[in-house]
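See structure below.
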Amino acid sequence: MNKGIAITGMGIISAIGNNVAENHASLINGRKGISRISKIDTIHKDAIMVGEIDFTNQELEGHLGLSPENNYCRTAMLGAIAAKQAVAEANIHDINAHKTGLVSATSVGGMDMTEKYFYDYIEQDTHRKYIEAHHAGDSTQKIAEQLGIEQSLVTTISTACSSAANSIMLGARLIKSGKLDRVIVGGADCLSKFTINGFKTLMILSDTYNTPFDENRKGLNLGEAAAFLVLESETLVKAGNKKVLSYLKGYGNANDAYHQTASSENGDGATLAMEKALRIANINPREIDYINAHGTATANNDLSEGRAFIRVFGENNVPDFSSTKAYTGHTLAAAGSIEAVYSILALQNNTIYPNLNFKTQMKEFQLRPQTELKEKELNTVLSNSLGFGGNCSTLIFSKNA
Amino acid sequence: MKKVYINGVGSISTQRTFDNKAFLEEVIVYEDNVITVVDPNYKDYIPPAAARRMAKGIKMGMVASKIALADSGLENVDAVITGTGLGCTIDSEKFLGKLIDNKEEYLTPTSFIQSTHNTVAGQIALGLGCKGYNFTYVHASISFESALLDALSQLQNDEENNILIGGIDESGEQTIKIHKLIHHVKKEAVKSTELLNSGTEGAIFSEGANFFVLSNKKQQNSYAEIIATETFNTLSKENLPLAITSFLKENKMDIADIDTLILGNNGDISYDPYYHILSEGSFKNTQQLYYKHLCGEFFTATSFGFWLASKLLKTQTVPEVVKLNDLNNNGIGTVLLYNQYRGENHSFTLFQKC
């Protein structure tokens, strides 16, 4: 019998709120965070929409109390804010009192600074402090520093859009194998010209609000966000008589091995990932009450993921599902942890958040996402994250261990 | 818990290590501050049309993984786990350079697609048709050890039987240029035989790809048993000896059980003192080896150290060129690998003869 891993804290900052409560309020009020871009000067500004966080870098530095000499990239600052919230909710005061690790995820890392100062670095020395902040691991080192984690396991995963789901998965395995007593897991990615232009060349950016699982979907909106969870061992939970928000019951990662960027038409990787997660959770597909889909609103993803739902659950038995990307945009490496927070909120509130902007059912199958806020008893929620390189991940959250 | 073995190796480095029959019999001596790998004939492994589209890191990774897999005698693996500190730097620089130069116009997707950190792991899976677990770690100088730790736990717990792991980093022109500006790259050319006496800041920047097949079944041609690995985000010089003894104790060993210590000295006067703490302290009576004068410094350079440990344990020979002190053993039984980069992201890895 598989026991779930206890989740004792969570934190989030996204285009729909600067903490868990604000995110929840936006979710239940159908308030999306998608707008024209304001903080990055790009020639595509009138052709795309994004999920941008209101705070400027200067404001974020203020929140964290960083000295003017700091070399934090935006990813690191967003990550630190979300991770601190998670640790506070878990009521952790002495972070090094037990074997505590950090597993973060990012795809952008310090690219926001690199793209600003690419040639400037050569010409003058004013911004050279950011050279060391470019690589992905640096943002995680900074988050660890902000949390006060020392002499411990701190690492970073980058598997494109499934990254944060994978950091949650690794964290669970580190607790299970006894390597750590508790671990802060999640991901952070800021918006950058690099990713905006990259996705633009792939021609998968929508010029309007993204519409997951809609026949006439035009592509994704990029977003920026960070979210972290605190996972703790059974022993620590018992000893501290801690409040458990929910349990991570199952997880699975598989590779589509089909194409460097596109998902296979039949959703092989997503199917395998969901099946693995169900096996680890040791539950029947019928026990899934709600799916928080990856649902990026690209032609390829939604078709592939929808077909995978049908393969795993049967066409007439697909549980209620929705994609929350219409609220936040696609937050890339952070998406898995953003949606983990939303899955846990769904369980806590027995509420399914609507798939906004949906109008027309896709012609390839009979699947319709949940489009209205729905209250129902939820016990088990499944969340998917699917990415470049064929990387597919599934997490299953449950009220019960 | 199952024991875990190294059953295949594949190394592309600044030495001619892609030939698994050789073991540093011939060594290339460099005199530079940036060095590049000795290329195998990539076309022997990858169709030329595909190879043309790949940046060097992808090619190195693909080929090193193929050499390791062939060496293990397996046709496929259950999972692929890679580590890379900087990811696909060449494609990132290419895409970003064009983006800035052309003011966001006339961009094509190829270099963006290939700039993703998990490109190599994804390409390997694609090539093998491996639909299993596929992870990429990107945490500076412990990127490779994170991949190793992940593989080790899955094999020990018998969740998988054969896992391909690897460390890859490629040199990007702009990356080298800006790291020279902040003196992470040595200002002057240094002869590799004199690396540890340079007396200056910075390291000799380099690149490489080292892959391994790890299995929880011993084979006749197994290289070594891998016991454990542990990483630390921070560690002071004062706490280093205690961290090592605790690590050894967790693995039911003490310092006297280690007959060979492999250190990551890179000739940086500011950070080599970490290694001196061990070489002049608790391990002063232990045979000590080093390797960064052979492979240079890059975030996944320890994967070359891992290759060195594998070869030492299998061949039971110590090439003269890697010796850091004059102590010799009767055979090599237990090897400890220690590394850090610029005082951060420390790792210990423990091997045993099998």
Rg(Cα) / (2.2 N^0.38 Å) computed for the stretch A:65-186, rounded to two decimals: 1.12
Lys and Arg at +1, Asp and Glu at -1: add these up for the other residues within a Cβ distance under 14 Å of A:THR211 and post the number. +2
For the stretch A:282-354, what are Rg and Dmax over the alpha carbons, in angstrom? 12.5, 32
Across 5 Å bins from 0, what is the distribution of all Cα-Cα pair distances for the stretch A:163-291, in whole percents? 2, 8, 12, 15, 18, 18, 12, 8, 5, 2, 0
Kirkwood Rh over alpha-carbon pairs of the stretch B:167-302 plugged into Stokes-Einstein at 10 °C, 1.306 mPa s gives a D in µm²/s of 93 µm²/s
Placing +1 at every Lys and Arg Cβ and -1 at every Asp and Glu Cβ, with all other atoms neutral, what dipole size does the protein assembly as shown have around its Cα centre, in debye to the nearest 20? 1400 debye
Given H placed on each backbone N at 1.01 Å, which residues far from A:LYS374 in sequence or on other chains put an amide H within less than 5 Å of it? A:ILE352
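Kindly provide the helix-only [θ] at 222 nm of the protein assembly as shown, computed as the sum of -39,500 (n - 2.57) over DSSP H runs of four or more divided by all residues, to the nearest 500 deg cm²/dmol?
-9500 deg cm²/dmol
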What average number of partner chain Cβ atoms lie no more than 10 Å from the Cβ of the residues making up B:99-106? 4
Compute the projected area of the convex hull of the Cα atoms of chain B, averaged over all viewing directions, and report it in nm² to one decimal place. 17.2 nm²
Pair-distance profile P(r), taking every C-alpha pair of the protein assembly as shown, with 10 angstrom steps and integer %: 3, 16, 27, 27, 18, 8, 2, 0
Under the √(5λ) rule applied to the eigenvalues of the Cα gyration tensor, what semi-axes describe the equivalent ellipsoid of the stretch B:263-354? Give them in Å, descending. 20, 15, 12
For q = 0.07, 0.09, 0.12 Å⁻¹, Debye-computed log10 I/I(0) when each Cα of chain A counts as one equal scatterer: -0.28, -0.47, -0.85
Within a Gaussian network of chain A (alpha carbon springs, distance under 10 Å), most fluctuating of A:THR360, A:THR351, A:THR371: A:THR360
Normalized C-alpha radius of gyration of the stretch B:1-67, against 2.2 N^0.38 Å? 1.32
Sum up the charges of everything whose Cβ sits under 12 Å from the Cβ of B:ALA209, counting Lys and Arg as +1 and Asp and Glu as -1, but leave B:ALA209 out. -1
Counted neighbours (other Cβ, 10 Å), sorted fewest up, put B:MET1, A:MET362, A:MET111, A:MET169 in the order B:MET1, A:MET362, A:MET111, A:MET169
Can you give the percent of C-alpha pairs in the stretch A:11-144 whose distance is more than 24 Å? 39 percent
So how do A:HIS330, B:HIS276, A:HIS259 line up by other beta-carbon neighbours within 10 Å, fewest first? B:HIS276, A:HIS259, A:HIS330
Selection from B:SER310, B:TYR341, B:ASN251 lying farthest towards where the dipole of the stretch B:227-352 points positive, charges on Cβ: B:SER310
Just to check I understand the Karplus step: with θ = phi - 60° and J = 6.51 cos²θ - 1.76 cosθ + 1.60, what whole-Hz values come out for the stretch A:121-129, glycine and proline as x? 3, 6, 6, 8, 9, 4, 10, 5, 4
Can you order the peptides B:18-29, A:26-37 by their average number of other Cβ atoms within 10 Å per residue, highest first? A:26-37, B:18-29
Which whole-percent values make up P(r) of the stretch A:11-57 when all C-alpha to C-alpha distances are grouped in 5 Å steps starting at zero? 5, 22, 26, 20, 15, 9, 3
Gyration tensor over alpha-carbon atoms, the stretch B:59-109, equivalent ellipsoid semi-axes in Å: 35, 10, 9
Proxy exposure order for A:SER152, A:SER104, B:SER11, B:SER206 (fewest C-beta within 10 Å first) is A:SER152, B:SER206, B:SER11, A:SER104
From the convex hull of the Cα coordinates of the stretch A:5-239, what is the mean projected area in square nanometres? 14.1 nm²
Which of B:ASP78, B:ASP254, B:ASP39 moves most in a GNM of chain B, Cα contacts under 10 Å? B:ASP254
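Can you pull the percent of Cα pairs in the stretch B:43-200 with separation above 25 Å?
41 percent
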Pick from A:THR56, A:THR324, A:THR106: which residue has the top mean-square fluctuation in a GNM of chain A where Cα pairs under 10 Å get a spring? A:THR56
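Per the Kirkwood treatment, what hydrodynamic radius in Å, one decimal, follows for the stretch A:246-288 from the mean inverse distance over all distinct Cα pairs?
11.2 Å
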Please compare each pair in A:LYS249/A:LYS276; A:LYS84/A:LYS193; A:LYS179/B:LYS249; B:LYS56/B:LYS180; A:LYS142/B:LYS56 to a cut-off of 23 Å on the Cα-Cα distance and tell me which ones are over it. A:LYS84/A:LYS193; A:LYS142/B:LYS56
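Given N residues in the stretch A:248-398, what is its alpha carbon radius of gyration divided by 2.2 N^0.38 Å?
The value comes to 0.93.
No value in this document is a laboratory result; all are computed from the given coordinates. Note that this is a predicted model, so its numbers are computed, not measured. Virtual Cβ from ideal backbone geometry, glycine too; neighbours counted across all protein chains shown.
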